[in-house]
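Novice: Encoded as structure tokens, here's the structure I'll be asking about.
The values are calculated or read from the model by the stated rules, or taken from the named source; none is laboratory data. All of these numbers come straight from a predicted model, not from anything done at the bench. Reconstructed Cβ throughout: ideal geometry from the backbone, glycine too, with neighbour counts over all protein chains shown.
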Ligand SMILES: Nc1ncnc2c1ncn2[C@@H]1O[C@H](COP(=O)(O)OP(=O)(O)OP(=O)(O)O)[C@@H](O)[C@H]1O
Ligand SMILES: [Mg+2]
């Protein structure tokens, strides 16, 4: 049973900042051990706030969070030592070298020195040749990689990446995806936020969409992709209908409010779209149409419509 237990369990978490702003509203979320979870949402949705609460940087106004069974408030040290955080904001303009920053970071979580591990981390991030450089002398993309190295220094079970690929070039982005996959293979659970839909498509096992402090969708990526992969065929009717005729009730049809068009939803990945039999059956039912047009929804469309719809 143990492996079925969520590695992070967020229960009814709300956050109201001192300004009175309600940044999170009753968020419930379980993260499964070993998954890659992508949190999507527009600017200001509450992604960083949620991550900061799990990492103990921001206090929740109410609700509880467990990390591997440890309450993040009452058992802060135990919980925090299991977590690695790559923050969204770069605050790394220090005179320290990459190497000493990493060693210090590992020590901070009570882990004994392990230079072999740190070397591996730096090599994986193509930072080994910069190990003695002062962090302030590195480029933006390199600083971001240092933040990742720092988060991995104490071998966390759970890794939070807040906008990990913002401002990094395409090649590095792909390298980072590779690294994230490798970490997952080694058993690390990964929670990332991103503005790049393709990043979520590429990486995530599950996707959560957050809008104005509310988690509005949590779905397996494949399920979501199936929904994205759907197409609609709108059939403009000669004469309006009152309802969907009995003889067509087994089909994925909806009737527009004015009764003037039928919308048929089908799966673009399927071998057979079912359009030919649909048209044949319309004919059998004596339903004439004057026009047909099809449209496709992308992940982007779904995402945009989800976050735009009024609450
Ligand atoms: N310390 C704070 N005091 C008051 N309001 C805050 C504070 N920190 C964040 N907020 C507000 O809470 C909301 C959520 O912010 P948050 O940083 O969690 O968003 P986000 O989803 O990470 O956005 P982005 O995609 O831009 O990173 C925003 O409206 C923000 O202005
Ligand atoms: Mg943020």
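Novice: Can we say residue 151 is in contact with a strand residue (DSSP E or B) (Cβ under 7 Å, 6 or more places away or on another chain), within 12 Å of residue 39 (Cα to Cα) and either at pLDDT below 85 or buried (at least 20 other Cβ atoms within 10 Å of the Cβ) (or both)?
Specialist: no
Novice: Within region 257-287, track down each residue that is part of a loop (DSSP other than H, G, I, E, B) and in contact with a strand residue (DSSP E or B) (Cβ under 7 Å, 6 or more places away or on another chain).
Specialist: Within region 257-287, 260, 268, 273, 274, 287 qualify.
Novice: Now, a different point. Which residue, of 135, 158, 191, is more than 16 Å from ligand 2 (Cβ to nearest atom) and touching a strand residue (DSSP E or B) at 6+ places or on another chain (Cβ under 6 Å)?
Specialist: After applying the criteria, what remains is 158.
Novice: Report, by residue number, each residue of region 187-216 that is at pLDDT below 90 and out of contact with any helix residue (DSSP H, G or I) (no Cβ under 9 Å at 6 or more places or on another chain).
Specialist: Listed by number, the list holds a single entry, 195.
Novice: I'm trying to understand the selection: among the residues of region 33-44, which are within 16 Å of ligand 2 (Cβ to nearest atom) and part of a strand (DSSP E or B)?
Specialist: Within region 33-44, 37, 38, 39, 40 meet the criteria.
Novice: Which count do you get for residues in region 1-32 that are touching a strand residue (DSSP E or B) at 6+ places or on another chain (Cβ under 8 Å) and either part of a strand (DSSP E or B) or modelled with pLDDT of 95 or more (or both)?
Specialist: Final tally of qualifying residues: 22.
Novice: Pick from 169, 220, 175, 205: which is under 11 Å from residue 38 (Cβ atoms) and surrounded by fewer than 21 Cβ atoms within 10 Å (Cβ to Cβ)?
Specialist: 205
Novice: Sticking with this structure for a sec: Can you find a residue that is in contact with a strand residue (DSSP E or B) (Cβ under 6 Å, 6 or more places away or on another chain), within 16 Å of ligand 2 (Cβ to nearest atom), closer than 25 Å to residue 218 by Cβ and in contact (Cβ under 8 Å) with a residue 40 or more places away in the chain anywhere in region 72-83?
Specialist: no
Novice: Right, here's the next one. Inspect all residues belonging to region 228-242 and state whether any of them is buried (at least 19 other Cβ atoms within 10 Å of the Cβ) and within 16 Å of ligand 2 (Cβ to nearest atom).
Specialist: no
Novice: What residue, among those in region 115-138 that are exposed (fewer than 15 other Cβ atoms within 10 Å of the Cβ) and closer than 12 Å to residue 152 by Cα, is nearest to the chain's Cα centre (by Cα)?
Specialist: Only one residue tops the list, namely 120.
Novice: Return the pair list, or none, for Cβ contacts closer than 8 Å from residues in region 42-60 that are closer than 16 Å to residue 16 by Cβ to residues that are within 7 Å of ligand 1 (Cβ to nearest atom) and in a helix (DSSP H, G or I), at least 6 apart or on different chains.
Specialist: 58/49
Novice: State whether one or more residues within region 87-110 are part of a strand (DSSP E or B) and either buried (at least 16 other Cβ atoms within 10 Å of the Cβ) or within 16 Å of ligand 2 (Cβ to nearest atom) (or both).
Specialist: Yes: region 87-110 contains one or more residues that are part of a strand (DSSP E or B) and either buried (at least 16 other Cβ atoms within 10 Å of the Cβ) or within 16 Å of ligand 2 (Cβ to nearest atom) (or both).
Novice: Can you confirm whether residue 80 is over 18 Å from the mean Cα position of the chain (by Cα), under 19 Å from residue 159 (Cβ atoms) and either within 16 Å of ligand 1 (Cβ to nearest atom) or in the same structural domain as residue 165 (by TED's automatic domain parsing) (or both)?
Specialist: yes
Novice: Does residue 58 count as assigned by TED's automatic domain parsing to the domain that holds residue 201, surrounded by fewer than 22 Cβ atoms within 10 Å (Cβ to Cβ), in a loop (DSSP other than H, G, I, E, B) and within 16 Å of ligand 2 (Cβ to nearest atom)?
Specialist: Taking the combined requirement at face value, the residue satisfies it.
Novice: Find the residue count for region 9-34, including only residues that are surrounded by fewer than 17 Cβ atoms within 10 Å (Cβ to Cβ) and within 7 Å of ligand 1 (Cβ to nearest atom).
Specialist: 4
Novice: Of all residues in region 35-45, which are surrounded by fewer than 24 Cβ atoms within 10 Å (Cβ to Cβ) and near ligand 1 (Cβ under 7 Å from one of its atoms)?
Specialist: Result: 42, 43, 44, 45.
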